[in-house]
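Here the structure is laid out as structure tokens; the discussion comes afterwards.
The values are calculated or read from the model by the stated rules, or taken from the named source; none is laboratory data. All figures in this text were calculated on a predicted structure; none of them were measured in a lab. Ideal geometry is used to build each Cβ from the backbone, glycine not excepted, and the neighbour counts take in all protein chains shown.
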Amino acid sequence: MIKLAIIGTGGMANTHADNFSQLRGCKIVAACDVDQKRVQEFAAKHKIPHTFTTVEDLLQWGRFDAASNVTPDPFHAPISLALLAGGKHVLCEKPLAVCYSDAAEMVRAARKAGVINMVNFSYRNHSAIHKAHALVSKGVLGRLLHVEATYFQSWLSQNGWGDWHTNPAWLWRLSTAHGSKGVLGDVGVHLLDFASYPAGDIASVYCRLKTFPKAPGGKIGEYRLDANDSAVITAEFTNGALGSLRTTRWATGHHNSITLALYGEEGALKIDLDRSGSELELCRVKQRKLGAWATVKCAKTPSMYQRFLTGIRTEVQDQPDFARGAAIQKALDACEQSHRESRTISL
Ligand SMILES: NC(=O)c1ccc[n+]([C@@H]2O[C@H](COP(=O)([O-])OP(=O)(O)OC[C@H]3O[C@@H](n4cnc5c(N)ncnc54)[C@H](O)[C@@H]3O)[C@@H](O)[C@H]2O)c1
């Protein structure tokens, strides 16, 4: 029985708790949050026996094997490093850190600890992305030439997910002082992983970020609303393919829409998660003269939570690990630098 702790018991922690609760061979034994009321409510909801308000107290108690780090982005590095130093396996939320040097330190610490380390690039829960990776690796598309990827949300322009003006869970995401790296760091991180897992490593980026005015004086209470909310990235991949990756929180009509299209010399594939996460569209030799697409059903793949537990059980590290999280962090840092300096940055 793998004993788990969940640290940071806000919105996303419920997804971790719900997923782990459905899996055999593990038990959530502890929850930790700086907000005592929140952690107690969370523990009561998910029937978790022990609660803590500091990671130090949790680690001193120590009766757990592994932890989900579901705290806001700036706490990913310090809390994961403390867990690793305590010899615990860590599933850390994305982005792995807030800069590449912190992420690289986490990779070193994980190697030293010799424990299972994973970053929750949760769109890898969809089997279509693994099928896309396999098709590209097998050369089914031929030489890859062009990549199109989008991640569109709309919680700034329509209140499908509640009123962002009054909810700290949305407000911290708009404020750099609260550790946010904007839409780029929040969901652009998924986009970079989702596109480059099948398409291959990114060689260089040119990025334009934008922060649109959204409140009088650019401020709501303690939150200065200065984090980017739209990003457009031109990427070149190490295999020579050229890509366009776009994300925004202003895409009215899209609550949470992710698409990927890969175009090669021998064929093309498309994924649209609004349509299906377990199917992709493929256009190959036969159909390509007609511009016709066939639907490919993709065999079920394990979730991130299953991969994490299997890794602990078998002592075999699965992907995406902290090293992958750090590689994506490097691309995020390059995007920020590119925007600041208005030039292409090589990775
Ligand atoms: N993988 C995904 O698809 C996905 C989806 C949503 C959020 N996330 C990530 O999950 C993380 C949390 O996001 P959220 O939406 O749940 O945020 P949230 O604001 O709802 O919850 C964060 C919780 O962490 C607690 N916290 C803050 N500092 C802490 C500390 N030092 N120790 C312990 N607890 C602390 C807060 O009190 C809060 O309860 C973020 O990094 C976010 O990027 C990932």
Could you say which residue among Ser101, Ser127 is out of contact with any His (no Cβ under 9 Å at 6 or more places or on another chain), assigned by TED's automatic domain parsing to the domain that holds Gln329 and not charged (D, E, K, R)?
Ser127
Some residue of the stretch 177-193 being farther than 22 Å from Arg340 by Cβ and either hydroxyl-bearing (Ser, Thr, Tyr) or surrounded by 15 or more Cβ atoms within 10 Å (Cβ to Cβ) (or both):
yes
Among the residues of the stretch 216-223, are any among the charged types (D, E, K, R) and within 21 Å of Lys181 (Cβ to Cβ)?
yes
Can you tell me which residue within the stretch 1-25, out of those that are in a loop (DSSP other than H, G, I, E, B) and within 11 Å of the ligand (Cβ to nearest atom), is modelled with the lowest pLDDT?
Gly10
Here the residues within the stretch 38-74 that are without any contact (Cβ under 8 Å) to a residue 12 or more places away in the chain and of a type in the set (A, V, I, L, M) are Ala44
Considering only the stretch 67-124, state which residues are within 16 Å of the ligand (Cβ to nearest atom) and β-branched (Val, Ile, Thr).
Val70, Thr71, Ile79, Val90, Val98, Val119
Give the residue that is modelled with the lowest pLDDT, with candidates limited to residues of the stretch 164-173 that are among the hydrophobic types (A, V, I, L, M, F, W, C) and farther than 13 Å from Trp250 by Cα.
Ala169
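May I ask you to say which residue of Gly264, Gly277, Gly253 is surrounded by 15 or more Cβ atoms within 10 Å (Cβ to Cβ), in the same structural domain as Gly142 (by TED's automatic domain parsing) and under 22 Å from Gly160 (Cβ atoms)? Working first, answer last.
Numbers: Gly264 fails: under 22 Å from Gly160 (Cβ atoms); Gly253 fails: surrounded by 15 or more Cβ atoms within 10 Å (Cβ to Cβ).
None of the others qualify; the one that does is Gly277.
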Please return the ranges of helices (runs of 4 or more DSSP H) entirely within the stretch 61-144 where 2 or more residues are touching a Phe, Trp or Tyr at 6+ places or on another chain (Cβ under 7 Å).
100-113, 127-137
Within the stretch 153-163, is even one residue more than 11 Å from the ligand (Cβ to nearest atom), part of a helix (DSSP H, G or I), at pLDDT 95 or above and not assigned by TED's automatic domain parsing to the domain that holds Ala13?
no
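Working carefully through the options Val147, Val189, Val136, find the one that is within 16 Å of the ligand (Cβ to nearest atom), assigned by TED's automatic domain parsing to the domain that holds Ala334 and modelled with pLDDT of 95 or more. So that I can check it myself, show each step before the final result.
Numbers: Val147 fails: within 16 Å of the ligand (Cβ to nearest atom); Val136 fails: within 16 Å of the ligand (Cβ to nearest atom).
Testing whether each residue is within 16 Å of the ligand (Cβ to nearest atom), assigned by TED's automatic domain parsing to the domain that holds Ala334 and modelled with pLDDT of 95 or more leaves just Val189.
Being assigned to a helix (DSSP H, G or I) and away from the ligand (no atom under 16 Å from the Cβ) is the requirement here; does Ala203 meet it? Full working, then the answer.
Working: assigned to a helix (DSSP H, G or I): no; away from the ligand (no atom under 16 Å from the Cβ): yes.
It is false that Ala203 is assigned to a helix (DSSP H, G or I) and away from the ligand (no atom under 16 Å from the Cβ).
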Does the stretch 296-304 contain any residue that is out of contact with any helix residue (DSSP H, G or I) (no Cβ under 6 Å at 6 or more places or on another chain) and hydroxyl-bearing (Ser, Thr, Tyr)?
no
Does Val147 meet the test of being among the aliphatic types (A, V, I, L, M) and under 21 Å from Gly188 (Cα atoms)?
yes
Only one of these is under 16 Å from Cys92 (Cα atoms), touching a residue at least 40 places away in the same chain (Cβ under 8 Å), surrounded by 11 or more Cβ atoms within 10 Å (Cβ to Cβ) and among the hydrophobic types (A, V, I, L, M, F, W, C): Ala326, Ala331. Name it.
Ala326
Flag for Lys219 being touching a helix residue (DSSP H, G or I) at 6+ places or on another chain (Cβ under 9 Å) and basic (Lys, Arg):
no
Conditions: (1) under 24 Å from Leu273 (Cβ atoms); (2) touching a helix residue (DSSP H, G or I) at 6+ places or on another chain (Cβ under 6 Å); (3) surrounded by fewer than 24 Cβ atoms within 10 Å (Cβ to Cβ). Trp172 meets all but one. Number of the miss?
(1)
